[in-house]
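Below is one structure; the comments refer to it alone.
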């Protein structure tokens, strides 16, 4: 039992590291807009392990990323929104790889819209306005465009790419296996 939990924690840690790299190193980051694929590892954690582990992974990735590759000052509000984004993904996407494609698409769109609108557009825009002393109305147009783009990207990638990666991680040769378990 301890071995399974250890493997799960290691796999989540790998996804957190991937998220930091995808969000902080390989993304287009400005103080106002961030475009990247950092959501992919978080979605994989959400699908495989559910809302609580995805929430923790999101918060850890934000904290580690802020200090490893700083884009701006650390602000706990962004950690809270990263936690909430992981929670939302987990609530909508847990076991997404085990349901039919139509339901997977609907749940993926709902997750993408909820995270992009509530977390990114509303909460993170308010946080940016507070931290950098910008007017919210000045930020909204570019943030709304970013949110719209991310809804489209996530609505496509989550059911097609992330869902299939999780299926591959759970099975090998038609047999159920532990995620990230190596067979010799």
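Read the figures in this text as sums done on the coordinates, not as results from a lab. Since the structure is predicted, the reported quantities are computational estimates derived from the model, not experimental observations. In this analysis, Cβ positions are derived from the backbone assuming ideal geometry, glycine residues included, and neighbour counts consider all displayed protein chains.
Annotations
- Size estimate for region 1-110 follows the Kirkwood approach: the inverse of mean 1/r over distinct Cα pairs works out to 14.3 Å.
- Label-point separation, residue 25 to residue 136 (7 Å along Cα→Cβ), nm: 3.7
- Length available on full extension from residue 80 to residue 164: 0.36 nm per residue minus the Cα-Cα distance, which gives 27.3 nm.
- FRET E, pair residue 100, residue 52, Förster distance 25 Å, beta-carbon r, rounded to 0.05: 0.50
- The C-alpha atoms of the chain define a longest principal axis, and helix 51-68 lies at about 50 degrees to it.
- Nearest 10 degrees, 0 to 90: helix 136-157 Cα axis against the chain principal axis: 20
- Relative to its residue count, the chain spans a Cα convex hull of 112 Å³ per residue.
- Based on alpha carbons, the Rg and Dmax found for region 78-167 are 14.4, 46 Å.
- The chain: most fluctuating residue of 66, 171, 114 per GNM, C-alpha cutoff 10 Å: 171
- Across region 1-149, the relative contact order, built from alpha-carbon pairs under 8 Å that are at least six residues apart, equals 22 percent.
- A helix-only calculation puts the chain at -21000 deg cm²/dmol for mean residue ellipticity at 222 nm, using -39500 (n - 2.57) for each DSSP H run of at least four residues, averaged over all residues.
- Evaluated at q = 0.32 Å⁻¹: base-10 log I(q)/I(0), Debye formula over Cα of region 20-72: -1.21
- Compared with the alpha-carbon gap, the fully stretched path from residue 71 to residue 144 is longer by 24.2 nm at 0.36 nm per residue.
- Legend: calculated FRET efficiency, residue 3 to residue 118, from the Cβ-Cβ distance at R0 = 25 Å, rounded to 0.05, equals 0.10.
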